[in-house]
1. Do we find a residue being within 19 Å of V128 (Cα to Cα), of a type in the set (G, A, S) and touching a residue at least 24 places away in the same chain (Cβ under 8 Å) anywhere in segment 165-176?
2. Under the condition of being surrounded by fewer than 23 Cβ atoms within 10 Å (Cβ to Cβ) and small (G, A, S), which residue from segment 251-271 is nearest to F202 (Cα to Cα)?
3. Residues of segment 277-309 being part of a helix (DSSP H, G or I) and either touching a Cys at 6+ places or on another chain (Cβ under 9 Å) or more than 15 Å from V232 (Cα to Cα) (or both), which ones?
4. Can you run down the residue pairs with Cβ atoms below 9 Å, 6 or more apart or on separate chains, where the first is in segment 220-234 and in a loop (DSSP other than H, G, I, E, B) and the partner is among the aromatic types (F, W, Y) and open to solvent by 50 Å² or more (accessible area, probe 1.4 Å)?
5. For Q274, all conditions in the list (1) within 29 Å of A38 (Cα to Cα); (2) open to solvent by 50 Å² or more (accessible area, probe 1.4 Å); (3) not hydrophobic (A, V, I, L, M, F, W, C) hold save one; what is the number of the exception?
Amino acid sequence: MSTRSPQRDERLDPSLGAVMRERRALINLAYRLLGSLADAEDVVQETCARWYAMTPVQQEAIESPGAWLAKVAGRICLDLLGSARARREMYVGQWLPEPVPDRTRWVSSRTGSTAVDPADRVTLDESVTMAFLVVLESLTPAERVAFVLHDVFRYPFNDIADIVGRTPAACRQLASCARRRIRDAQTPSGSCAQRAEVVSDFRQAWEAQDIKALIGLLDPDVLAVADGGGIVNATLDPVHGSEQVARTFVGLAGLPGVSILECAVNGQPGLVVQRDGIALSVLAFAVTDGRIRRIWAVRNPHKLRPWSV
């Protein structure tokens, strides 16, 4: 089977170039709005389908294809956010955003290696950390769309008003309300290398089933949340407190054939639990002042497909 080159495709269909150039931006937008890479890809597919449903004359009449595609994607996401709330009320246990892998591994500074900070990558910045996405889940759909489009992607409120169906002044107020609620999800303290060392120490203490060492790495008020989706075993309620969290993790250690790998999760140091190349769990952490204050463990296998070898 032969395939045509991208250059050939663009000559046959000039609009294809515009769509392909915007695809990555649309994925970034939809993922931040929905917290699901799979849903984000569906949104981009639907957005592109609507573009190609128009006649060439209609396409040529659009002054900025990128702005049109973003507006359509934003409206689709807004609709999905409304229905997602109802679906998540029926979700078994805690719902967490789908973690995104990064192919560039970070290395603990103990090794003397220079780590590439995943936050320098276009698709993995502070607006996709697990802490940030979890807080976004607490917003109303309109607040989330207004905040992400304006504060993250710098869209003007006049354009956001067309997506949300409200006045620019109302959208400004939505973003302001969201901003106040998101202050707790600011960029974690310390360098990426420092946070990586804390997570690495956690991995070693976990593998050694060393409760005392684990407690020393955890904030006294640490909160651990697991998402099994009702498919695999996971605590239905968050686990609170350093001793209780430490004992919970020790109880999970020592499974045969399981390895724990250090890697970047949504641009931050995290862990992946694997067996025979299949991801069983992905852990994201919030580290403040050298201690872990939040652990998010995604175990739902539907959310872990990009992590398996």
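The values are calculated or read from the model by the stated rules, or taken from the named source; none is laboratory data. Just so it is clear, the model here is predicted, and its values are computed rather than measured. Backbone-built Cβ (ideal geometry, glycine too); neighbour counts: all protein chains shown. Each accessible area value is taken on the protein alone, full model and side chains, heavy atoms only, with ligands, DNA and RNA left out. Shrake-Rupley method; radii C 1.70, N 1.55, O 1.52, S 1.80 Å.
1. Kept after step one, since they are within 19 Å of V128 (Cα to Cα), are these residues of segment 165-176: 175.
Cutting the leftovers down to of a type in the set (G, A, S) gives us 175.
Those still in the list that are touching a residue at least 24 places away in the same chain (Cβ under 8 Å) too: 175.
Yes, segment 165-176 has at least one match.
2. In the first step, residues of segment 251-271 are kept if they are surrounded by fewer than 23 Cβ atoms within 10 Å (Cβ to Cβ); the result is 251-263, 271.
Okay, now just the ones that are also small (G, A, S), so 251, 253-254, 257, 259.
Details: G251: 15, A253: 12, G254: 15, G257: 19, S259: 14 Å.
Among residues in segment 251-271 that are surrounded by fewer than 23 Cβ atoms within 10 Å (Cβ to Cβ) and small (G, A, S), the one nearest to F202 (Cα to Cα) is A253.
3. Step one: of segment 277-309, the residues part of a helix (DSSP H, G or I) are 301-303, 305-307.
Matches in segment 277-309: P306, W307.
4. Once the first residue is in a loop (DSSP other than H, G, I, E, B) and sits in segment 220-234, its partners that are among the aromatic types (F, W, Y) and open to solvent by 50 Å² or more (accessible area, probe 1.4 Å) give G229/Y91; G229/W95; G230/Y91.
5. For Q274, the failing item is (2).
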